[in-house]
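The values are calculated or read from the model by the stated rules, or taken from the named source; none is laboratory data. Remember, it's a predicted structure, so these values are computed and weren't measured experimentally. So basically every Cβ, Gly included, is an ideal-geometry build from the backbone, and we count neighbours across all protein chains shown. These area figures cover heavy atoms from the full protein model, side chains too; ligands, DNA and RNA do not enter into them. Shrake-Rupley method; radii C 1.70, N 1.55, O 1.52, S 1.80 Å.
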Amino acid sequence: MNESPVTALHNRVLAADRIVFFTGAGMSAESGIPTFRDALTGLWERFDATALASPQGYRADPALVWGWYEWRRMKVMQAAPNAGHVAIADFVRNNPTKFVEIITQNVDDLHERAGCTHVTHLHGSILAPRCFACERPANAALIETIPNEPEGGRRLFPPHCDHCNGTFRPGVVWFGESLPQAEFKHASAAAREAEIFIVIGTSGVVEPAASLVRIAKKAGAFIISIDPNETMAELYADAVVRDTAAVALPTFLTACIAP
Ligand code: OAD
């Protein structure tokens, strides 16, 4: 009897030793964290990316930028991992003999809070501000927790660094900045070595993160794309699951746990 395409996909994942999950904003959408480019709800549909996500934007108006990221940081702190994050963490736990990598463009910590211990963050962490001048991590005592920030945040002056008196900036990668070198190197190697590369909830338009899909494809990985909408990343996919992360991942990955 011929196996169904879905069974074939499950068997492929079961047989693989090296699996990469590559996630974008859509991974956390069902946790209530907005994506960047979804029509109407995406952050870059509603807010000015140049003003809010570039070193020149920060220099021009640090209070606007700091306040906006504080709003986003509070949203992340109040969010909980969704069923998709949990399904990936369960998959890692239930397949201890496989070499599984989680590479994310997300600046939240929801993979970690779902139970994944090794997560490579390509775009930094919104929870780890650092000094704009001396780059030292912010002293946590200087960073407030402010519940009930208004939508879009409000002007808030960034606290001063206790080392050099510079001002703090969010710990995320901005447009025009390089990705953290060690993380990108690690992610590129994982993409090259992957047998299965599962892309979840990313439009695939931001470089160099998006290049990981091409690196994996070129090196011979089988690419699975999970996204409710068509994406650039999908151009390289061998299989497409047209659904959301919190719906598709529990269904798909539960069937991929070795008996
Ligand atoms: P985008 O907003 O560009 O893409 C989000 C993707 O998630 C789209 O393909 C959506 O169709 C999909 N999506 C929406 N809801 C979903 C759901 N519930 N489940 C699964 N997928 C869903 O976000 P990214 O590709 O992550 O950079 O954006 C890349 C980078 O651009 C971000 O890391 C950020 C931004 O500027 C930095 O912060 C440095």
Note to self: Of all beta bridges DSSP finds with both residues in the chain, what is the antiparallel percent, to the nearest 5?
What the structure shows: 20
Margin query: Among F157, F36, F184, which one shows the highest mean-square fluctuation when the chain is modelled as a Gaussian network with alpha-carbon springs under 10 Å?
Written below: F157
Checklist line | Dipole axis of the chain (+1 Lys, Arg; -1 Asp, Glu on Cβ), positive-most option in V247, P96, P158 | finding: P158
Notebook entry, point to check: Counting Lys and Arg as +1 and Asp and Glu as -1, each charge on the Cβ, what is the dipole of region 23-89 about the Cα centre in debye, to the nearest 20?
Noted result: 120
Note to self: Taking amide H atoms as placed 1.01 Å from N in the peptide plane, list the residues 5 or more away in sequence, or in a different chain, whose amide H sits under 5 Å from that of F168.
What the structure shows: F132, C161
Next item on the list: First compute the accessible area of the chain with a 1.4 Å probe, then give the percent of it belonging to carbon and sulfur atoms.
Entry: 55
Checklist line | Furthest towards positive pole of dipole, C116, I200, A80, structure part the chain, Cβ charges | finding: C116
Checklist line | 0 to 90° range, to nearest 10: angle between helix 83-94 axis and the chain longest Cα axis | finding: 60
Next item on the list: Could you list, by residue number, the cysteines of the chain that have no other cysteine's beta carbon within less than 4.7 Å of their beta carbon?
Entry: C116, C256
Check: Angle, helix 245-254 long axis vs. longest principal axis of the chain, Cα atoms, 0 to 90°, nearest 10?
Finding: 40
Item checked: Nearest-20 debye value, the chain charge dipole, Cβ charges on Lys, Arg, Asp, Glu -> 360
Next item on the list: Would you grab the residues whose amide H sits under 5 Å from the one on V199? Only those 5+ places off in sequence or on another chain, please, with H modelled 1.01 Å from N.
Entry: F22, I224, S225, I226
Checklist line | GNM top mover of T117, T244, T23 - the chain, alpha-carbon springs below 10 Å | finding: T117
Next item on the list: Specify the angular offset, from 0 to 90 degrees and rounded to the nearest 10, of the alpha carbon long axis of helix 62-78 from the longest principal axis of the alpha carbons in the chain.
Entry: 40
Check: Where nothing but the Cβ of Lys and Arg (+1) and of Asp and Glu (-1) is charged, how large is the charge dipole of region 189-259 around its Cα centre, in debye to the nearest 20?
Finding: 160
